[in-house]
Structures are given as C-alpha cells and as structure tokens.
Amino acid sequence: MPGDAQHEAASQRKLRLHSLAVSPIAIPLLAGPGTIVTVILFQGQYGHVFALSVCLLVFGVTFLVLNFAGGIRRLFGPVGMLAVSRVMQIFIIAIGVSFMFDGLRKSFPALLGQ
C-alpha cells in the first residue's frame, strides 16, 4: 500500500535524524569544560611543553581505548567492566573533591589555618 511505504520512509528519515543527533553527545565528555580547565591549569603550573605533551599522551590513550573498546569489553566481561567503572568513579570523585578543597583553601586561607 502507498501509505505504508510513505510511513516506512518517514520512519527511516526519523531514525537517521535520531542517530545523527546522538553522535555529537560524546564530544563534550572528551573535550568539555573540565578538560579545558585542566589543560589551562597544567599549562599555568608546568608550562606549554608539558601541557602539550600530556594532551598528546591522553589523545593517544583515548584513541587506543576507543579503537579497541569492543575487545576490552570482551576481555573484562560484564563484571570486570562494572568493577572498572566503579574504580573510575572513585577516581573522578577524588579529583573533584581535591579541586574543591584547593579552591576553598585558596579562597579562604584562614578557614584552614593558613
């Protein structure tokens, strides 16, 4: 029936649009505000060469991890991936708490007895 073909074509267009909309979502996770601030802090503390070296190293590691994600997932299995995910969450929380305490320490030096 002609109506079914049109409905199918519209569904396919809608599906393509939804899949296109999903692609850019990963970009802010890889190069979002936290990443940019970290690079700026590294550059300020350690210089341009160190910041660029770290950026290139992280780019290489990220490229390898994303390229071999399927194999890594098969290697660790579901339980291993859950364990790695939890450990990474702990690291991220620890880094965030460290940034918060550094900011508080610099903003309110009398608060911490400095």
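The values are calculated or read from the model by the stated rules, or taken from the named source; none is laboratory data. What you are looking at is a predicted structure, and each value in this text was computed from that prediction instead of being measured. Every residue, glycine among them, receives a Cβ derived from its backbone with ideal geometry; neighbour counts consider all protein chains shown.
Would you tally the residues in the stretch 46-105 being small (G, A, S) and either touching a residue at least 24 places away in the same chain (Cβ under 8 Å) or touching a helix residue (DSSP H, G or I) at 6+ places or on another chain (Cβ under 7 Å) (or both)?
1
Of the candidates V61, V65, the single residue that is aliphatic (A, V, I, L, M), modelled with pLDDT under 90 and within 28 Å of S98 (Cβ to Cβ) is V65.
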